[in-house]
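Presented below is the structure to which this report refers.
Just so it is clear, none of the values below were taken in a lab; they were calculated from the coordinates. Predicted model, so just to flag it, every value in this text is computed and none were measured. Quick reminder, even Gly has a Cβ in these numbers, built from the backbone with ideal geometry, and neighbours come from all protein chains shown.
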Amino acid sequence: MITSCDRRAMAVVALVSWGVSASAADQAGATAVAAPANGLGIELTKDQSSFSKPSWLTDISLGVKESYDDNIYLSGVDAKYLSPSYTVPPGSVAALKDKSSFVTTVTPKIGVNFAPLIAGPQYLQTLSLGYAPEIGRNQNAPTENYVAHSFPAAVKGNWDAFSVRADNTFDYVSGSSYGPTYPGGFLNAYATCVPREHREQFNDRGTIAFQYDCDKWFVRPTASLLYYDMMTKKIDVTGYQNYASRYDINGGPDIGYRVEPQLAVTVGYHYGHQYQEQFGFTPYSSPSDYQRVLVGIEGKPWKWLEIKLQGGPDFRNYEEDSATHITPVNDTHLVTYYGEASLTATITTRDTLTFGYKQFQWVSQLGKIPYFDSTYKLNYRRKITDQLTLDLGGSVLSSDYTSGNQSASQRDDWEYVASARLTYSFNAHISFNLSYEFNAGRNGLNGVASPATRAFDRNLISFGVLAKF
């Protein structure tokens with residue numbers, strides 16, 4: 001009988017065999033005589049055994065990854081909290097700590113750029129659409145199995161002084177329609193994020209920007225959308241994860257001035273709205289309107305450094321309380337802060353350092369009080385040889401819920417992430433990678449009930465193969 005482990009091994013062997021064959025075909029192709037191209041621009045070699053990828057076919061690849069996760073629910077709750085009197089709703093699962101599993105992830109991808117196929121003036125450089133599903137199978141936790149259907153799309157073009165750029169990724173996740181249950185309701189805010197991404201849902205992330213350039217000045221209207229439509233069952237049981245549907249949409253103009261040809265300062269005004277679903281069994285939710293006044297800097301102050309930074313005050317207006325609704329905040333006219341930055345430093349031809357940062361007020365995924373979300377990421381890449389690359393990363397994440405007026409829900413949760421990854425490119429078509437990630441969740445408020453159960457540790461080890469056709 002062929003087991004699931006045998007199938008995974010067979011898949012890896014097949015990818016490696018294809019890579020070896022492709023490498024030999026590449027060498028033989030140096031002397032092969034190409035046959036005439038067909039109508040799609042695909043050129044077959046003399047022996048019809050390989051093809052030259054046309055310009056409109058931007059991506060075609062297949063990845064297979066095998067991982068070992070020693071805490072798949074990122075939980076700090078021991079089994080002793082799972083008493084006979086505690087309820088785990090049918091269809092859900094008790095999210096106890098140290099629940100481990102081998103996880104197989106398969107990621108095929110195909111991408112097409114239609115711009116080269118459009119006749120006439122080349123105003124569009126990119127008009128792309130892709131399909132990049134992710135199939136996850138957990139050996140010891142079938143409730144965490146999922147298929148994420150992802151459809152990335154992009155548009156990029158320019159007409160004289162006008163330019164446009166748009167990026168959008170639409171996802172449908174086919175997974176369990178029940179959330180996990182953390183016994184006693186003890187969890188860190190970041191514990192439930194990973195299981196949430198495997199539940200049934202639609203989500204969409206998109207940005208669009210138009211720009212008009214005039215000498216050193218430019219005007220850039222922008223808009224962005226972050227959308228989650230959670231399709232999990234809503235059950236009023238302590239610890240059961242009721243995931244709220246929510247979205248953030250905003251837009252407004254930025255005005256920029258180039259102090260140097262490759263460096264600009266900007267000032268902007270953005271208006272937005274955040275929505276949060278209100279559950280039928282609670283009066284709490286926290287939708288709001290907001291206005292942001294932002295200043296920024298973007299471009300290359302030096303040839304080795306690229307920077308984009310924007311930040312400023314965020315003026316928040318939450319809904320007032322009513323007979324059927326309560327906004328669980330201390331101040332319905334809160335003034336907070338928005339900031340976002342990315343920096344890339346090319347230290348040498350083989351060393352790259354990147355830093356990312358974002359802070360903003362956001363609504364809770366679990367339908368309670370809003371929080372101030374902070375993310376800091378630092379990554380270092382070293383190209384050891386032409387074939388071997390090392391990536392080292394670290395992140396600090398914070399969810400500060402102290403602006404709420406519900407003392408039982410006030411938390412200041414943190415997550416610390418450290419990762420390392422080695423990638424070996426066997427040839428232009430196939431590569432191998434070995435990675436390790438450590439996650440530590442902690443609670444920053446000493447007075448919170450049972451702080452130990454809100455902490456977690458997690459180790460994730462992965463080996464993967466990626467084939468590019």
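Numerical summary
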{"read-out": "Table column - 3J(HN,Hα) (Hz), region 58-75, Karplus curve with 6.51, -1.76, 1.60, x for Gly and Pro", "value": "7, 9, 7, 8, 8, x, 10, 10, 10, 10, 10, 10, 8, 7, 5, 9, 6, 9"}
{"read-out": "At R0 = 56 Å, FRET efficiency that the Cβ-Cβ distance of Arg350 and Val88 yields, to 0.05", "value": "0.60"}
{"read-out": "Residues of type lysines that Lys368 reaches as a straight line, Cα spacing below 20 Å, ignoring anything fewer than 8 places off in the same chain", "value": "Lys233, Lys234"}
{"read-out": "For region 67-468: relative contact order, % (alpha-carbon pairs under 8 angstrom, 6 or more apart)", "value": "12 percent"}
{"read-out": "Length added when fully stretched, Leu343-Val237, from 0.36 nm per residue minus Cα-Cα", "value": "33.7 nm"}
{"read-out": "Correct option for Kirkwood radius over Cα pairs in Å [calculated from the coordinates] among (i) 23.7; (ii) 22.1; (iii) 25.2", "value": "(iii)"}
{"read-out": "For region 303-380 versus region 153-230, the gap between their alpha-carbon centres in whole angstrom", "value": "14 Å"}
{"read-out": "Too-long pairs where the Cα-Cα distance tops 19 Å, listed order kept, from Lys300/Lys383; Lys65/Lys377; Lys65/Lys109; Lys97/Lys377", "value": "Lys300/Lys383; Lys65/Lys377; Lys97/Lys377"}
{"read-out": "Aspartates and glutamates whose Cα lies under 14 Å from that of Lys468, excluding same-chain neighbours fewer than 8 positions away", "value": "Asp26, Asp59"}
{"read-out": "Amide H within-cut-off set for Leu366, under 5 Å, with H built and near neighbours excluded", "value": "Ala244"}
